[in-house]
Amino acid sequence: MKKPIRVGIIGQSERPNKPISEKTARIAYEVGYLIGKNGWQLYSGGRDGVMREASRGAKDAGGLTVGILPSLSKEEANKYVDVPITTGMGIGMRSELMINTVDVVVMIGGKNGTLKELSAAYILKKPIIVIEGSGGFADTLKNCLYEGKYLDDRRNVEIKFVRNSSEAELLIKEIINSL
């Protein structure tokens, strides 16, 4: 039996009175939709912001969504999460668990917590795709990279940049074929 492809979505959540931008939300939805359409499983932190919009897109395409939650409450999950996994580990450890679980990571927007997830993926040599133009650190990261591709001189894994959800879909397919 073929094992399912697990795609991790990382990106910013929302804070009171500070929703994600419409553009970031649209990109997250589109990426989630393409994940669901392809029959891949969407993994995220399961809460709001990028996580909610990507989960909504995957659900609209008939996909399976998994939310790895920092608390012990299933109610913390957004309404588009099919499988809420309660960890009681807090945000940091929950993020590490999610990154350890997935086959490929897609970064949409992002703030400081997203950088922690990106770093964990890099250390674990997980394939990483960053969607430029999605806001936050996704738009500034390229200028900070070693040789324009790596987080440091260890060159654990090349960070790949795409301009939109369609390019992300093609790159995920390419990565899957190389696994």
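Please treat every number below as a calculation from the coordinates, not as lab data. Bear in mind that the values here come from a model prediction, so they are computed numbers and not experimental data. No Cβ is skipped: glycine too gets one built from the backbone with ideal geometry, and neighbour counts run over all protein chains shown.
Using the Kirkwood formula on the Cα atoms of region 83-179, what hydrodynamic radius do you get, in angstrom to one decimal?
Across region 83-179, the inverse of the average 1/r is 13.9 Å.
Where does the charge balance sit around Ser71 when Lys and Arg score +1, Asp and Glu -1, over other residues with C-beta under 10 Å from its C-beta? Working shown, then result.
Numbers: positive: Arg47, Lys74, Arg94; negative: Glu75, Glu76.
Summing Lys/Arg as +1 and Asp/Glu as -1 gives +1.
Counting other Cβ atoms within 10 Å, keep those with at most 10, restrict to DSSP loop, and tell me which GluC sites (Glu not before Pro) in region 70-179 are left.
Glu147
For Leu179, Leu42, which order do you get if you count the other beta carbons within 10 Å of each Cβ and list the fewest first?
Ascending Cβ contact count within 10 Å gives the list Leu179, Leu42.
In debye, nearest 20: dipole of region 26-179 around its Cα centre with unit charges on the Cβ of K, R (+) and D, E (-)?
Here region 26-179 has a charge dipole of around 100 debye.
Give the distance, in whole Å, between the Cα centre of region 1-36 and the Cα centre of region 131-179.
Cα centroid of region 1-36 versus Cα centroid of region 131-179: 16 Å apart.
Would you calculate, for the chain, the mean residue ellipticity at 222 nm contributed by helices, counting each DSSP H stretch of 4 or more residues as -39,500 (n - 2.57) and dividing by all residues, to the nearest 500?
Result for the chain, helices only: -12000 deg cm²/dmol.
Give the relative contact order (percent, whole number) for region 87-161; include only Cα pairs under 8 Å separated by 6+ residues. Intermediate results must be reported in sequence, preceding the final value.
Working: 103 pairs, mean separation 21.1, N = 75.
The value is 28 percent.
At Ser73 and Asn17, where each label point lies 7 Å from the Cα along Cα→Cβ, what is the point-to-point distance in nanometres?
Using points 7 Å along Cα→Cβ, the separation is 2.2 nm.
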